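The values are calculated or read from the model by the stated rules, or taken from the named source; none is laboratory data. Note that this is a predicted model, so its numbers are computed, not measured. Neighbour counts run over all protein chains shown; Cβ positions are idealised from the backbone, glycine included.
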Amino acid sequence: MLPVFSQAQKWKRQRVEYSFGIGATNFLGDLGGRNQKGTDGFMDFEIKATRYAAGFGYRYQLAKDWFIKGNLYYVMVSGNDNLTEQPARANRQLNFKSNIVELSAQAEYMIIKQKSGHLYRLRGVRGKSWFRFEVYALGGLGLIWFDPRGDNGSEHVRLAPLNTEGQGLPGGPDDYKGLTMVMPYGLGIRRALGGGARSRHFGSWTIALELTMRKTFSDYIDDVSDVYYGTGNGSESTGVIGAGYDEEAAFFSDPSGKYVNGGYGEPQQRGDKTDNDAYMMGIISINYKPARRKRNLPKF
């Protein structure tokens, strides 16, 4: 029984793992999207808006099938109405890009474990070959910093200080912060690279692919959320962006020039404030688990 128990507790000997990953991102918010009416989540995926991400991670095994991992990612996201042929969104002519710095923690549960056995097909030897893949589900919570910028044709300008939806003006929304919570969730698959006695002395390596959705608690990552400020005032056109701030604010509020002077009897939709922004990430990581220290007695 003792050897069996020792094998079952083997995971306790190498609990720590370090990772470096790079990959692709795609923003799911109010700008751009597919050639259809705005849709929540993955159904609004537009491949031309794909950007990049890179980051580091620290992973620790809590139990036989449970892990916890801390992540620090640098992420680029963007959206542009010129990528969609859906008339209402294409006519807005809005665009943005933003750097995101994400600090998050995630819990992982191993759904499919790697199986041990002989590695090669040997004549006359029965048993399972070594299955080197692991599949796991993950979920977590984190904090992101973002800073949307818009393109005026010559440079990218920070949008938050421009108050493009009338922040700070009478009847306008409150200023938004560049910090918000994020909730990552998804699936991962990993494969061992090498193994055996060598890994016990020099550590082991794995390669992993994680596909995740990052749901945020802000609707202003793209600087768009509610209605064009100044619309909904009947025949009045006072208090609009240009009068309240300046021409640059007016331009980024409404590059089309259709709503910048207000005067509409009903508020004109600029974004969808009922659905917060999100972004997807596909990360390929290389992971290193240091060799366990030699001890006189086994650690159970």
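Evaluate the following for Ala53: is it within 19 Å of Leu209 (Cα to Cα) and either hydrophobic (A, V, I, L, M, F, W, C) or modelled with pLDDT under 95 (or both)? Against the criterion (within 19 Å of Leu209 (Cα to Cα) and either hydrophobic (A, V, I, L, M, F, W, C) or modelled with pLDDT under 95 (or both)), Ala53 qualifies. Taking the criterion of being acidic (Asp, Glu) and within 21 Å of the chain's Cα centre (by Cα), the residues of the range 82-108 that qualify are Glu102, Glu108.
Being surrounded by 11 or more Cβ atoms within 10 Å (Cβ to Cβ), among the hydroxyl-bearing types (Ser, Thr, Tyr) and modelled with pLDDT of 80 or more: is that true of Ser116 here? It would help to see each step written out before you state the result.
Working: surrounded by 11 or more Cβ atoms within 10 Å (Cβ to Cβ): yes; among the hydroxyl-bearing types (Ser, Thr, Tyr): yes; modelled with pLDDT of 80 or more: no.
Taking the combined requirement at face value, the residue does not satisfy it.
Scanning the range 268-281 for residues that are part of a loop (DSSP other than H, G, I, E, B) and surrounded by 15 or more Cβ atoms within 10 Å (Cβ to Cβ) yields a total of 8. Pairs meeting the criteria (first residue in the range 200-219 and farther than 30 Å from Arg13 by Cβ and modelled with pLDDT of 95 or more, second residue of a type in the set (Val, Ile, Thr) and outside any loop (DSSP other than H, G, I, E, B), beta carbons under 6 Å, at least 6 apart or on different chains) are Arg214/Val182; Thr216/Thr180; Thr216/Val182; Phe217/Thr180; Ser218/Thr180. Beta carbons closer than 7 Å, at least 6 apart along the sequence or on distinct chains, pair a first residue in the range 176-187 that is in contact (Cβ under 8 Å) with a residue 12 or more places away in the chain with a second that is outside any strand (DSSP E or B) and buried (at least 16 other Cβ atoms within 10 Å of the Cβ) for Tyr176/Ala160; Tyr176/Ser218; Tyr176/Tyr220; Gly178/Ala160; Thr180/Ser218.
Once the range 40-50 is narrowed to residues that are surrounded by 15 or more Cβ atoms within 10 Å (Cβ to Cβ) and within 15 Å of Gln86 (Cα to Cα), the residue that is modelled with the lowest pLDDT is Asp44. Taken over the range 44-69, the criterion of being among the β-branched types (Val, Ile, Thr) and more than 14 Å from the chain's Cα centre (by Cα) is satisfied by Ile47, Ile68.
Tally the residues that are aromatic (Phe, Trp, Tyr) and either surrounded by 18 or more Cβ atoms within 10 Å (Cβ to Cβ) or at positive phi (or both), restricting the search to the range 51-75.
Result for the range 51-75: 2.
Restricting the search to the range 145-197, which residues are farther than 20 Å from Leu103 by Cα, outside any loop (DSSP other than H, G, I, E, B) and β-branched (Val, Ile, Thr)?
Val157, Ile189 - these are the residues of the range 145-197 that are farther than 20 Å from Leu103 by Cα, outside any loop (DSSP other than H, G, I, E, B) and β-branched (Val, Ile, Thr).
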